[in-house]
Structures are given as structure tokens and as C-alpha cells.
Amino acid sequence: MRTRSAENGTPLSTDPGDPREWCVLAARRLAEDRPEDALEAARRAVDHDPGAEHAAGWGYRLASLAFERLGRSAEAVAAAEEAVRLAPGSWAARLRLGAALRHVPGRWRESRAQAARAVRYAPQEPDPHVLAGDLALLRGEHRAAEGAYREALRLLDGHAGARVGLGLALLRWESPRDHHDPAWPVDPRETGRARRALESWARQTRLLLAAALVAAAVTAFGTGLTTWAEIGGGAVLAAVVAITLRQARRVRLWPYVPGMLARDVWLAASVSVTPVALAAYVAAVATLPRAVSRSAAGDLDGTWAVLAGTVLLNGVAVFVLRVLAEAWRGRPVTALAQFAAAGGDRTARRAADVTLWLVAGRAWSVLAAVAVAARITGEPRWAAVAPVVLLAPAWAYGGTRRSRSPRSPRSPRSPGSPRGPRGRRLSGRAHGGDRWLVAAAVTLAAASAALGGSALLAVYGRGRADDLAWWCGAGALAAFAAVFAARSAQAWWQGSPGPWRASLIMHDGRGDRLPGDAGPPVGLSGDVRRAFTHAREVVLSCAAPGGPRALAVGAVGAIGPGGELRLIAADDAWEVAERDPRVAVFAADPAERGFWVEVRGIAVGDPEAGVLRVTPEHVTVGEFPGRHQGRARAG
């Protein structure tokens, strides 16, 4: 009898009591991005098999992934830990636990340890390398992340998560909580509160000083009451002390503040510029009376103007410096090729749009520098390089189009993955479809043409014409700034991704391909089980410093329902397995059928039970030479 699901009539199973069938359904629901339904199916799999051994923890892994996608991190970790308990040698279980621990504050080191085990158990699988890269990227270790992603792509060229991660590593991406080291044993919300307190102190102090200096200058220069202006300016310092004490009480993690400042360069810049502004304010107020009395001399006026500019414009200077630094950080053109090679992946498309804005920002900064240099030096011929500047953005955009050709590598589709309109919609939309980005590109082209024209007119001695062309180029640059501001305002108002680095996000693992930790375990057939149960001799083959080594195993103590071999072995087998857990176990069937069995898997010692637990990864069955001449077949 066939049973159908209650929600849409899809066949569930020929046997509704079979936990593996419920796991297949849960995996299908995860591929369709339906975590609630996947969780229900995974729960039924576990309920039909309380020990979850018939599916070797598969149901718990699927439940953990569903919990993670629903944002229930604690439950995801608990389910993944149960999967590891049932199959400690499963790389998929280790990968699932590492991925779940990544979202729990203060457990980054445990997550990295599990990811390292998954890589050690299955170096031929791409997903453990991707998790290792993600963990390195979260901590800002871009070179290590790049190496891990490249290894994953070497194993599977069409892995969308590895493509996106590699692009972010090339961009030198920082997580939104770049002030927080995920290896710290503290909740990032606590360091976030400390960061907000430091930012509030710096911002409030600088705004107060700027407003107070303007008021003091108006009083002194407008009314001549310089003494009262000096007294009022000094009284403002008491308010600065009050702001400092109030925000200092909100910082509860002072031992972590130096590390936060070392990791977040812009937080450090905001905090460090505040004492500079305070010192400049004190000096400006102290020299205010003399600045008025000696206005004719000019020397002191210039010094006072520098002090006033430091107080009033420090925030603007830091903002401009940050915008330019973010535009020029990393290798966006190379990163764009990686995003484009991910095909229609939505995270890659979003990253490509943001990266094109970064490239446009670079082009704008170069054109602005060329325009300023031509004006300051009085030599319009400097602007002759302006037309060349647009070659890089044009090459970047063309690269995304070339990489998205039909011959681009695509990730293999997992069984049960959807092919519906949603997938076609994601792959059909071109990178750079942002209309604001098109408008920005038009303004850059206009600025480049106008500045290049001004240089050409200067060569032919057309003074007024080249000056007019320069002003047209400057106007086009201003128009780009206006387009960028409008696009930013729209993103802020709609709560959508904006044209800045903060809109870059890591890949969430969703797409046409299910992650490796959702795959089914390798089981043992009845013939293989009987061969190991009744075999007179079992041999363990493993890697050793001097080469492959074969060790006799006393016996197979038991075979778990999920297919795990529990070997009674000598100490030398334990030592070899600790050095390299990837082993192969051989047994010969003593019955008249006469065949041999090879199980390749991961051996993990269980000191409490006194056995080596081998989780199967690949099974081969072969017949001894004779009538069939040693043919081999899959087990």
C-alpha cells in the first residue's frame, strides 16, 4: 500500500514505518526549501526508530538542518550531537555539528574542531572544506579561507557556496560583527552593546564639541564677548565628562575592548579621533580671544582655522576615507568572475551587484582625482587619462556576462531538487540589473568623455571650451554621487541590500544542491552482514608511515543496524586508526558462495566499549577467482 502526504498528495513511502523513507522525504523537502515540512518528516523518521540506528543518525542530521534553517540554533546543535553519538565516524555528522555550532555564540572553536574532523575523515568531499573556509572567513582569515574554497572547487567546480565564499575572500570581506572575534567565549550581543556604547560616546562627544565651537565662534566674532565665549566653551567640557561616564558604564567587557579596536579599524578610527577633536577644541577655545584681536596678522588665524576644521570636519573626513578604503579593498574584478561562475545563485547575484558598485566607486574616485589634479595644477592635459579609466568597469561587467555563458560550470542537481519557475527566475536575471547602477555608469561615461574632451580642447588652445568641458565633467561626477546617495536612501527606506560592502553576505547553503551533511549513510546488505558475522578472519588495512599496512582483527564484535562495524582489535590497530582514521576492513564469506567483502570507512575508538567503530563510506563485494574470474560489484 502506498501512502500519500497530507499536504499535496506526493507519495511518501511503500512502508510508512520505514525511517529511511521518511528521511528521503525530509531531504526532498529541504531541497524545496520547506524546512517546516522537512522537520516533520525527520521527526517521524526518528519516532519510527527511537535509536535512529537503522538510518545511522540520518534523521537527526536532517532535523538539525531543518532546525538551523528555522533559526532554532540550540535545537539544531542538540540534534547534530545525537547524530555524532550514533555515528562518530560519519563525516556528514561531524560536518552537520560543525555547521550548527557555528551559529551558537562562544562555540566557534568547537565548530572549527568538528570541521577539521570532517575534512580529515573525508578530504575528497567539498563541503567540509567549504565549512572550514566559512569559519576562517567569519574570523577575517582571508588567506586561509581562500585556500579552503579553492580546494573545494578543485573537488567540485560547480559548488555555488565555494564560489561565493571565494569571491568574498578575494574582496577581503568582513562580517557585520567585525569587531567581534568568534573565538571569544562571550556572546556577540555583549560585545555589540560595548561597540554601540563606544560609538555613541565618540559621536555624541564630537557633535557636542562641534556645536559648542560654532556657538563660541559666533559669540566671539559676532558680539566681541570673547571672555564669555571662552567661559562657555570651557563649561562644555563638564558635559563631555558626563557623556563619558554615562557611556563607560554601558561597556561591561573592558578586557575585550583592545581586541575590538584591533579588529574593527573604523571603530578604532572613530574612537581615536575623538581625543584629537577634544584637544583641538580646547586649543581653539583657548586661542579664541587672541584670534579675534590679531585677525589682521593672519598667522594665528590660520592656526585657529586648522583647529576649527579638525573639530568640525573630522567626522566627514573619516566617512570619506572609509568610503574610499572600502571601494579600494580587495580584488573586485577577480571576485566578480567567481560570483558570475556560480550561475543563477541568488547570493552570488546579490554579491555581483554590490561588487559592480564597488568597481564604479573606484572609477569615480580616480576620475575625481584626475579632475582635481587638472584644476589645481592648471594643466587640463592631466584629464587625458580619463577615458582610459572606464576600461576597468567595462571589463568587469563584460566578465560577468562572459562567465554566465551556457558553458559555465553548474552545480550538479541533487535528487528531488526543484526545477520549477523559481529556479528559472533566479538564473534568468542578469547581474547588474540595478537601474541605479546603469544610471551611475552613464554618469561615469559622461564624466570620462567630458574630462577627456577638456584635455583635447586644451591641446588645441580652446581655453573657454576646455574650461566648460571640465565643469561638465565635474557636474557628471556630482551626478554620480547623487545617484549613489539616492540608491542608498532607497535601500535604507525599503530595508533592501544597498550599494555598499555591508550588503555582502555569506552563502546560506540553499539552492539546487543539498549540502553534503544531508546525504544518506552507506548501509550494509544482508550478504555483507553475514560475511562479517561468520568470517573466520577479518583484516584491517590502513595507512602507516612506511606505507599501507594490514592488521589482523580478532573479530567483528557486532554490526549496528545502521551498518557500523564494531571491531575487537589489538592496540596497534588503535594507534594506526588514531594516526589516520581512514581504513578498509576485509572479510571472506566462509559459505559455499565464496565471495569477499571490502568496507572502506572511518575508524573511531570507543574506549568504554573497547571496540573500534568503523562507519562505512564505501562497500565492495567481489567473488574469488573461479568460474567468474574474480568479478567485483558494489555492496
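The values are calculated or read from the model by the stated rules, or taken from the named source; none is laboratory data. Nothing here was measured: the structure is a model prediction, and the numbers come from that model. Please note: Cβ atoms are built from the backbone with ideal geometry, for glycine as well, and neighbour counts cover all protein chains shown. Protein only, heavy atoms only, side chains kept; ligands, DNA and RNA dropped before computing areas. Shrake-Rupley method; radii C 1.70, N 1.55, O 1.52, S 1.80 Å.
Looking at the range 72-93, is at least one residue on the phi > 0 side of the Ramachandran plot and at pLDDT below 95? No, the range 72-93 has no match at all. Going through (1) open to solvent by less than 20 Å² (accessible area, probe 1.4 Å); (2) free of Cβ contacts under 8 Å to residues at least 40 places away in the same chain one by one, Thr205 falls short only on (2). Taking the range 46-147 and the helices (runs of 4 or more DSSP H) fully enclosed by it, the elements with 3 or more residues that are open to solvent by 10 Å² or more (accessible area, probe 1.4 Å) and either closer than 15 Å to Asp508 by Cα or touching a His at 6+ places or on another chain (Cβ under 6 Å) (or both) are at 58-69, 126-138.
Of the residues making up the range 148-163, those that are farther than 16 Å from Leu514 by Cβ and either in contact (Cβ under 8 Å) with a residue 12 or more places away in the chain or in contact with a strand residue (DSSP E or B) (Cβ under 6 Å, 6 or more places away or on another chain) (or both) are Ala148, Tyr149, Arg150, Glu151, Leu153, Leu155, Asp157, Arg163. Here the condition is being in contact with a Lys or Arg (Cβ under 8 Å, 6 or more places away or on another chain) and open to solvent by less than 70 Å² (accessible area, probe 1.4 Å); of Ala194, Ala220, it holds for Ala194 alone. Kindly indicate which of Arg593, Arg549, Arg613, Arg566 is open to solvent by 50 Å² or more (accessible area, probe 1.4 Å), at pLDDT 80 or above and of a type in the set (D, E, K, R). After applying the criteria, what remains is Arg566. Only one entry in Val251, Val316, Val218, Val292 is closer than 30 Å to Pro182 by Cα and either touching a Phe, Trp or Tyr at 6+ places or on another chain (Cβ under 8 Å) or at pLDDT below 95 (or both), namely Val251.
If the condition is being touching a residue at least 40 places away in the same chain (Cβ under 8 Å) and either open to solvent by 30 Å² or more (accessible area, probe 1.4 Å) or touching a Gly at 6+ places or on another chain (Cβ under 6 Å) (or both), then the range 522-536 contributes Val522, Gly523, Leu524, Ser525, Asp527, Val528, Arg530, His534, Arg536. Do we have any residue at all in the range 380-398 that's under 16 Å from Phe484 (Cβ atoms), open to solvent by less than 40 Å² (accessible area, probe 1.4 Å) and assigned to a helix (DSSP H, G or I)? Looking for residues that are under 16 Å from Phe484 (Cβ atoms), open to solvent by less than 40 Å² (accessible area, probe 1.4 Å) and assigned to a helix (DSSP H, G or I), one finds at least one in the range 380-398, hence yes. In the range 484-517, the qualifying residues are those that are open to solvent by 40 Å² or more (accessible area, probe 1.4 Å) and outside any loop (DSSP other than H, G, I, E, B), and the one that is nearest to Ala352 (Cα to Cα) is Ala502.
Scanning the range 208-228 for residues that are closer than 17 Å to Ala280 by Cβ and without any contact (Cβ under 8 Å) to a residue 60 or more places away in the chain yields a count of 3.
Cβ separations smaller than 6 Å between residues 6+ apart or across chains give the following pairs from the range 309-331 residues that are farther than 16 Å from Leu267 by Cβ to residues that are outside any helix (DSSP H, G or I) and open to solvent by less than 90 Å² (accessible area, probe 1.4 Å): Arg329/Arg172; Gly330/Leu171; Gly330/Arg172. Note on the range 3-31: among residues that are of a type in the set (D, E, K, R) and modelled with pLDDT of 90 or more, the one that is most open to solvent (accessible area, probe 1.4 Å) is Arg28. Just one of (1) part of a helix (DSSP H, G or I); (2) free of Cβ contacts under 8 Å to residues at least 60 places away in the same chain fails for Arg177. It is (1).
The residue pairs whose first member lies in the range 89-117 and is under 16 Å from Gly133 (Cα atoms) and without any contact (Cβ under 8 Å) to a residue 40 or more places away in the chain, whose second member is of a type in the set (Lys, Arg) and open to solvent by 30 Å² or more (accessible area, probe 1.4 Å), and whose beta carbons are closer than 6 Å, counting only pairs six or more residues apart or on different chains, are Arg94/Arg117; Leu101/Arg107; Ser111/Arg102. Filter the range 170-191 down to residues that are among the aliphatic types (A, V, I, L, M) and either buried (at least 18 other Cβ atoms within 10 Å of the Cβ) or modelled with pLDDT of 95 or more (or both) and give me whichever is nearest to Val265 (Cα to Cα). Step by step, filter the range 170-191, then rank; the result is Leu171. Report, by residue number, each residue of the range 328-355 that is open to solvent by 10 Å² or more (accessible area, probe 1.4 Å), aliphatic (A, V, I, L, M) and part of a helix (DSSP H, G or I). Residues satisfying the conditions are Val333, Ala337, Ala341. Scanning the range 597-613 for residues that are touching a residue at least 60 places away in the same chain (Cβ under 8 Å) and part of a loop (DSSP other than H, G, I, E, B) yields nothing.
Of the residues Ala280, Ala248, Ala269, which single one is touching a residue at least 12 places away in the same chain (Cβ under 8 Å), buried (at least 16 other Cβ atoms within 10 Å of the Cβ), within 34 Å of the chain's Cα centre (by Cα) and on the phi < 0 side of the Ramachandran plot? Unique residue meeting the criteria: Ala269. With respect to the stated conditions, Ile559 is among the β-branched types (Val, Ile, Thr), farther than 21 Å from Pro123 by Cβ and at pLDDT 80 or above. Of the residues making up the range 502-509, at least one is among the acidic types (Asp, Glu) and within 23 Å of the chain's Cα centre (by Cα). Within the range 91-113, the set of residues being aromatic (Phe, Trp, Tyr) and within 17 Å of the chain's Cα centre (by Cα) comprises just one member, Trp108. Scanning the range 444-464 for residues that are open to solvent by 40 Å² or more (accessible area, probe 1.4 Å) and over 43 Å from the mean Cα position of the chain (by Cα) turns up Leu456, Leu457, Val459, Tyr460, Gly461, Arg462, Gly463, Arg464.
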